[in-house]
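The values are calculated or read from the model by the stated rules, or taken from the named source; none is laboratory data. Worth saying up front: this structure is predicted, and the values here are computed from it rather than measured. Neighbour counts are summed over all protein chains in view; Cβ atoms, including those assigned to glycine, are modelled from backbone coordinates with ideal geometry. These accessible areas exclude ligands, DNA and RNA; they are computed on the full protein's heavy atoms, side chains included. Shrake-Rupley method; radii C 1.70, N 1.55, O 1.52, S 1.80 Å.
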Amino acid sequence: MATCLVRDADVLVTMDGARRELRGAGLYAVDGFIRQVGTTAELPARADVVLDLRGQIVLPGLVNAHHHLNQTLTRAFPAAQDAGLFDWLTAQYPAWTRIDAEASRTATLVGLAELLLSGCTTAFDHTYLYKNGNAVDVQVEAAREIGVRFHASRGSMSVGRSKGGLPPDEAVEDEAAILRDSERVIDRYHDPRPGAMTRVVLAPCAPFSVSADLLRESAALARAHGVRLHTHLAETLDEERYTRERFGVRPVEWMDGLGWVAGDVWFAHAVHVSDAEIGLFARAGCGVAHCPGSNMRLASGIAPVKKYMGAGVAVGVGVDGSASNDASNLLLEARQAMLLARLELGLRREGEARPGDWMSAREALELATLGGARVLGRDDVGSLEPGKCADFFTLDLGAIDYAGALHDPVAAVVFCAPTRARFTVVHGRVVVADGRVATVDMAPVIERHNRLAAALAKG
Ligand SMILES: [Zn+2]
């Protein structure tokens, strides 16, 4: 029996049903699950691991709803710095096609380390390009080593340029091989149990790089095994033009016709949607991964997040791939979500804004915790309460960034410049200690990663 005790935190944000924020508080966990949350006096006095958190705030671990970890190899890629989605993709496909297992391993460790240092404890990754012997196994092993709770995708692309798709032919795979490997990966890694550290998601890339058959068959395979489905949708107006010209329908209609607007699906972006489509998402129970940094970086548009929330659609926050952000900082992304929703409010033409139209700091935190858990289909993470996983992070309230804001420390962590996590704990295991990754020596990984990235950029 492994026990973990947190005590004397200045503030502990529970995100429980009453959204309690406790002062002078902590929690007690056994074998990775929370037994008690409360004031320090109410908790046991001893444990195997004890964190004294005076001067710190404790928050539920953030949940990242969309990422492409391998893109940490092409951050600030020269040919893709000032381009919209399709040109940005086209500029990078050749480099991504050369990523091998070693490059994917360093990229995964770098991206996950950055996420952990920003308070993320559960991460979904959407990899869809497997060449040069690379496979999902590489990322699952890296995630286990560093200690994050990981939802790996078996993503895919099957429609290359010669068949009317956007990616070059050498970047796509044979559909039968994709489905075979998808089944292998589910059998090998998907853990449906509460507290699971590894789950698998099937994630064909986008309407302009996979076929209707692959979408249908991926959905059937996922549903036969009880795993979730994910893809990019309605990200840009270029994509909308593509589906209209090629399939005669809007992106959401296209996916709906293939059985993909459903309760076991969440879409990345979903920027360009009508009010009727928002209603359809709400009725079907499908979710959205909101990626504000990427949407701004690629000039994709502003997702109607407050409308989604008002309609009851599950919304999580995703940093998106590191080549379109170019950070994997989820606390920063929660802040961007709040700010971008406010910009959208300012650009609205119709009527006066009402108080509830403003996205609050606490709403942004809720999207990045409970919202992410909901889109990933998890009820065991996202809040700190008995029975849930002991996943949390802490921030040092003495940091210069929060000076003058401590009348509301919870709002401060979103309004003020994001700081690095002091501690990040996943399933009761300390993975970030005193602001450093405690599980993997990152210096040699970063050195190797930079060498591999330079080789990719050279071509
Ligand atoms: Zn993406």
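Between amide H atoms placed 1.01 Å from N, distances below 5 Å from Ser118 occur with Leu330, Ala421, all of them 5 or more places distant or on a separate chain.
Remark: the stretch 312-428 carries 37 Å² of accessible area per residue (probe radius 1.4 Å; ligands, DNA and RNA excluded).
Value of Rg to Rh for the stretch 338-449, rounded to two decimals, is 1.05; Kirkwood radius and Rg both from alpha-carbon coordinates. In straight-distance terms, cross-link reach from Lys163 covers every one of the aspartates and glutamates whose alpha-carbon lies under 20 Å from its own, apart from those fewer than eight places away in the same chain; here that gives Asp87, Glu173, Asp174, Glu175, Asp213, Glu217, Asp238, Glu239, Glu240, Glu245.
Which FRET efficiency value, to the nearest 0.05, do you get for Asn450 and Ala405 by plugging their Cβ-Cβ distance into 1/(1 + (r/R0)^6) with R0 = 41 Å? If you can, show how the numbers build up before the last one.
On the way: r = 36 Å, r/R0 = 0.87.
For Asn450 and Ala405, the calculated efficiency is 0.70.
Work through the residues other than Val13 whose Cβ is under 14 Å from its Cβ and net out their charges, Lys, Arg +1 and Asp, Glu -1. Can you show the working numbers first?
On the way: positive: Arg19, Arg20, Arg23, Arg362, Lys388; negative: Asp10, Asp16, Glu21, Glu363, Glu366, Glu385, Asp391, Asp408.
Local net charge: -3.
How far, in degrees from 0 to 90, does helix 330-347 lean away from the longest principal axis of the Cα atoms of the chain, to the nearest 10? The answer is roughly 70 degrees. Under 5 Å from the amide H of Val315 lie the amide H atoms of Val288, each residue being 5 or more positions distant or on a separate chain, with H modelled from the backbone and absent for Pro and chain starts.
Using a 1.4 Å probe on the protein heavy atoms, what percent of the accessible area of the stretch 1-91 belongs to carbon and sulfur? The nonpolar share, carbon plus sulfur, comes to 48 percent.
Residue separation of Glu350 and Ala284 scaled by 0.36 nm, minus their Cα-Cα distance, works out to 21.0 nm of gained length.
Near Ser294: Cβ cut-off under 11 Å, other residues only, Lys/Arg at +1 and Asp/Glu at -1. The net charge is -3. For the stretch 420-436, backbone nitrogen atoms closer than 17 Å to the point 7 Å from Met1 Cα along Cα-to-C-beta are found at 428.
Scoring 119-132, 262-275 by mean Cβ neighbours within 10 Å over their residues and listing the highest first yields 119-132, 262-275. Helix 442-458 and the longest principal axis of the C-alpha atoms of the chain enclose an angle of approximately 20°.
Computed with every protein chain present, the accessible area of Glu366 is close to 60 Å² [probe 1.4 Å]. Remark on the stretch 12-148: Rg and Dmax equal 20.0, 59 Å (Cα only). Here the accessible area is traced with a 1.4 Å probe on the protein chains. For the stretch 125-207, carbon and sulfur cover 49 percent of it. Accessible surface computed residue by residue for the stretch 67-217, with neighbouring protein chains in place and a 1.4 Å probe, gives 31 Å² per residue. In this view, the solvent-accessible surface of Thr3, computed with a 1.4 Å probe and all protein chains in place, comes to about 10 Å². Within the straight-line cut-off of under 19 Å between alpha carbons, the lysines reachable from Lys131 are Lys458, sequence neighbours fewer than 8 places apart in one chain being disregarded.
Rounded to whole Å and sorted largest first, what semi-axes of the equivalent ellipsoid does the C-alpha gyration tensor of the chain yield via the square root of 5 times each eigenvalue? Mind showing how you got there, number by number?
Working: eigenvalues 234, 125, 88 Å².
Values for the chain, descending: 34, 25, 21 Å.
Mean residue ellipticity at 222 nm, helices only, the chain: -10500 deg cm²/dmol; runs of at least 4 DSSP H residues each add -39,500 (n - 2.57), and the sum is divided by the number of residues. Here the accessible area is traced with a 1.4 Å probe on the protein chains. For the stretch 274-417, carbon and sulfur cover 55 percent of it. Would you tally the net charge around Glu366, using a Cβ to Cβ cut-off of less than 12 Å, leaving Glu366 out, and scoring K and R as +1, D and E as -1? Taking every Cβ under 12 Å from that of Glu366, the sum is +1.
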